[in-house]
Amino acid sequence: MNMDRIKVLVLENTQEERNTISEILSNVEYIILVGESDSEDEALDFIEDNSIDVVLLGANVGDDGYRVAEKLSTEYPEVAIIMMENDLKEETMHKAIFAGAKDVLIKPFTPSKLVDTIYRVNQLTKKKVLIHKESSTKARRKSTLGQVVTVFSTKGGVGKTFVSINLAVALAKNTGKRVVLVDLDLDFGNAALALNILPKFTLSDIVDDIRNIDADLIESYLIPHDSGIKVLPANAQPQLSEFINSEHIDIILRTLQSAFDYVVVDMPARFHEPVNPALAIADKLLVVTTPEVSTVRNVKAALITLNDLNYPKAKIRVILNRHDNRGEIKPKDVETTLGMSIFSTLAADYKDVISSLNQGIPIVIRNPRDTVTKDFISLAKKLVDDTGAKGHN
């Protein structure tokens, strides 16, 4: 096979497991095992001295392999980290991605699974590094990369897509800058429908072309909307979601970040491993709730989960949607339950909101004088002030 050999470092507690991995990799001509260790400090020296491509990292190294992963991914973003775990839990995948790991191998793994994962993760990481270099050649310093604003809730029916759409349009109208809306509800995304868009391309089309992707190519897949924003719709067929992984999403979002001033991401109503990079990359995470007891409790549980996953609280902003001054549950009640201040409230306006969604016209365009429209404009302004007006010239 004519390719540069992939330099691998194994960081694992037990000698027996290191020997097993070494034996497997010794039979693969395009992989070279540069070193093995059970020491975090030795690993740092190996990476510094040998231009390591991939680190296979045991979850119990240094008492907390995820802490080690976060340190390595921060200091050496060009190195792909693959966690090795004893069992697969949903929390495992979330922790791995938030720590900067690219994948998780569950023990015991087959030789082919190990080799295939190393090859795939290395290829995707090299592509991401290339994208970053191309952005630099276009004089896009990191400080001028677009802001990623991720809209999230673990409770369905809170108006998450409605918030995402109207926030994106309000940002475009308020700032005059380039805004893209990304629908990452892989199975049931309906942002395109709510915007009355018939997609020519969807997320799965970009994934099919992921190895060739750059800022110019990805823009050719986006759908322009009359409001001035661009839209990346979710898959037209839910079954295509199984072919999309977290590395694909990471590359797509970072590419969009290099080309747009604001990337607004509409998430599914759950923690979902393939799209978790939208949480990890986010400059701001807007957690949407409504003033109902069940919803507030659900969102409280989501905030606890984020905290357990070591998600930075400084990124989180609570959005209270469908706020009605006459309602029984007041904003102060919501803040007390969540243990966080409300960043912004959006007025309840059921009739106009439903008409807006049915007609496929964002309410900030359809009803420019409505209270809820003014709330969205206010939210957009607060986000610009909150993040700093970082945009492309």
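All of the numbers you see were taken from the coordinates with simple rules; none came from a lab. If you're wondering where the values come from, they're calculated on a predicted model, not measured in any experiment. Virtual Cβ from ideal backbone geometry, glycine too; neighbours counted across all protein chains shown.
Calculated from DSSP H runs of 4 or more alone, at -39500 (n - 2.57) each and per residue, what is the 222 nm mean residue ellipticity of the chain, nearest 500? Mind showing how you got there, number by number?
Values: 16 runs with 175 residues, N = 393.
So the helix-based figure for the chain works out to -13500 deg cm²/dmol.
Just need the relative contact order of the range 6-137 here, percent rounded to a whole number, with Cα pairs under 8 Å and 6+ apart.
RCO, the range 6-137: 22 percent.
Over 25 Å between C-alpha atoms is what I'm after, so list which of LYS7/LYS313; LYS89/LYS160; LYS155/LYS351; LYS173/LYS382 land there.
Numbers: LYS7/LYS313 36 Å; LYS89/LYS160 27 Å; LYS155/LYS351 22 Å; LYS173/LYS382 14 Å.
In this structure, LYS7/LYS313; LYS89/LYS160 exceed 25 Å between Cα atoms.
Just rank GLU36, GLU242, fewest to most, by other beta-carbon atoms within 10 angstrom.
Numbers: GLU36 21, GLU242 9.
Least crowded to most crowded, the residues run GLU242, GLU36.
Using a simple charge model, +1 on the beta-carbon of Lys and Arg, -1 on the beta-carbon of Asp and Glu, nothing else, what dipole does the range 41-92 show about its Cα centre, in debye to the nearest 20?
140
Hey, quick one: spin label on THR337, modelled 7 Å out along Cα-Cβ, who in the range 279-295 has an amide N within reach, i.e. under 20 Å?
The answer is 286-295.
Measure out, as a whole number of angstrom, how far apart the alpha-carbon centroids of the range 213-252 and the range 346-385 sit.
25
What nm value, rounded to one decimal, do you get for the distance between GLN359 and LYS113 when each label is placed 7 Å out toward the C-beta?
Label-label distance for GLN359 and LYS113, simple model: 5.4 nm.
Put +1 on the Cβ of every Lys and Arg and -1 on every Asp and Glu Cβ in the range 184-324; which of TYR221, VAL288, VAL275 then has its Cα farthest towards the positive end of the dipole?
Selected residue: VAL288.
Going by how many other Cβ atoms sit within 10 Å of their own, how do LEU222, LEU232 line up, fewest first?
Values: LEU222 22, LEU232 28.
So the residues, fewest neighbours to most, are LEU222, LEU232.
For the chain, with only Lys/Arg (+1) and Asp/Glu (-1) charged at the beta-carbon, what is the dipole magnitude about the Cα centre, in debye rounded to 20?
The calculated dipole for the chain is roughly 2180 debye.
State to the nearest 20 debye the size of the charge dipole of the range 6-137 about its Cα centre, where the only charges are +1 on K and R beta carbons and -1 on D and E beta carbons.
Numbers: 14 positive and 26 negative charges, 152 e Å.
So the magnitude is around 740 debye.
Report the normalised scattering of the range 247-332 as log10 I(q)/I(0) at q = 0.11, 0.26 Å⁻¹, calculated by the Debye formula with identical scatterers on the alpha carbons.
Log10 I(q)/I(0), no solvent term: -0.37, -1.38.
Multiply the residue separation of ASN325 and GLU91 by 0.36 nm, subtract the distance between their alpha-carbon atoms, and state the gained length in nm to one decimal. Please report the intermediate quantities before stating the final value.
Working: separation 234, 0.36 × 234 = 84.24 nm, distance 3.79 nm.
Result for the pair: 80.4 nm of gain on full extension.
Would you kindly give the portion of the calculated P(r) for the chain that falls above 25 Å, as a percent of all Cα pairs? Intermediate values should be presented prior to the final figure.
On the way: 44350 of 77028 pairs.
Distances greater than 25 Å cover 58 percent of the Cα pairs.
Using Cβ counts within 10 Å as a stand-in for footprinting exposure, how do ASP208, ASP41 rank, fewest first?
ASP41, ASP208
Please compute the net charge surrounding ALA191, taking Lys and Arg as +1 and Asp and Glu as -1 over other residues with Cβ under 11 Å from its Cβ.
Residues close to ALA191 contribute a combined charge of -2.
Please compute the Kirkwood hydrodynamic radius of the range 6-137 from all pairs of different C-alpha atoms, in Å with one decimal. Intermediate results must be reported in sequence, preceding the final value.
Working: mean 1/r = 0.0680 Å⁻¹.
Mean inverse Cα-Cα distance, inverted, gives 14.7 Å.
Can you tell me, using C-alpha contacts under 8 Å and at least 6 residues apart, the relative contact order of the chain as a whole percent? Don't skip to the end; give the middle numbers.
On the way: 717 pairs, mean separation 64.7, N = 393.
Contact order relative to length: 16 percent.
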